[in-house]
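S.K.: Quick one: this structure, given as structure tokens, is what I'll be asking you about.
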Amino acid sequence: MLTVRVQETPFDLGAESAALTDGRDDIGGLASFVGLCRADDGLAALVLEHYPGMTERALQKIAEEAWARWPLTGCTVIHRVGRLVPGAPIVLVLTASAHRAAALEACAFLIDWLKTSAPFWKREEFAGGDSRWVEAKAADDAAAARWAKPA
């Protein structure tokens, strides 16, 4: 089962994990990652924008790539959009496999890709009323580079 959603509403880790694993006896490892909005530098909110349709297709494509690269038996990717305050969940990745290594590697791959290449635009809002667009970070690009396929 492969599930990809972009939504404004919060997600429930327990409910999403149960939806992926209930009634299954072929899963030996379930890896999960939940990204939360941090209050760095006095951040009041993080506003995530996207282009509906395009974003879902991009996330679906990368989830399918993870499915092809690792022996997954399940995968859920949920990314929120809209105005999120510190502490709010932003992203959920769940990967299931017969063995833990595949689940963990696929989860890390998806998170690195989401951080560097997913088509979201992020704007930080601060308590004083200032705002700025979030720029890419070299450290995130370096982390994602480990997943590049050899030429």
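The values are calculated or read from the model by the stated rules, or taken from the named source; none is laboratory data. Computed from a predicted model, the values in this text were never measured in an experiment. Ideal geometry is used to build each Cβ from the backbone, glycine not excepted, and the neighbour counts take in all protein chains shown. Accessible surface is based on the protein model in full, side chains and every heavy atom, while ligands, DNA and RNA are left aside. Shrake-Rupley method; radii C 1.70, N 1.55, O 1.52, S 1.80 Å.
S.K.: Could you figure out which of (1) assigned to a loop (DSSP other than H, G, I, E, B); (2) within 11 Å of the chain's Cα centre (by Cα); (3) not basic (Lys, Arg) isn't true of GLU135?
M.R.: (2)
S.K.: Let me ask something additional. Just wondering, is there one or more residues in segment 101-122 that are in contact (Cβ under 8 Å) with a residue 24 or more places away in the chain, out of contact with any helix residue (DSSP H, G or I) (no Cβ under 8 Å at 6 or more places or on another chain) and among the charged types (D, E, K, R)?
M.R.: Yes, some residue in segment 101-122 is in contact (Cβ under 8 Å) with a residue 24 or more places away in the chain, out of contact with any helix residue (DSSP H, G or I) (no Cβ under 8 Å at 6 or more places or on another chain) and among the charged types (D, E, K, R).
Let's see how each residue does on (1) open to solvent by 30 Å² or more (accessible area, probe 1.4 Å); (2) within 28 Å of ASP40 (Cα to Cα); (3) assigned to a loop (DSSP other than H, G, I, E, B):
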position	(1), (2), (3)
ALA63	no, no, no
CYS75	no, no, no
PRO86	yes, yes, yes
VAL91	no, yes, no
ALA96	no, no, no
ALA103	no, no, no
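S.K.: Give LEU20, LEU30, LEU2 a once-over and let me know the one that is closer than 20 Å to GLU105 by Cα and open to solvent by 60 Å² or more (accessible area, probe 1.4 Å).
M.R.: Of LEU20, LEU30, LEU2, the one residue that is closer than 20 Å to GLU105 by Cα and open to solvent by 60 Å² or more (accessible area, probe 1.4 Å) is LEU30.
S.K.: Turning to a different aspect of this structure: What is the residue count in segment 46-61 for residues that are open to solvent by 30 Å² or more (accessible area, probe 1.4 Å) and within 29 Å of PRO86 (Cβ to Cβ)?
M.R.: Of the residues in segment 46-61, 6 are open to solvent by 30 Å² or more (accessible area, probe 1.4 Å) and within 29 Å of PRO86 (Cβ to Cβ).
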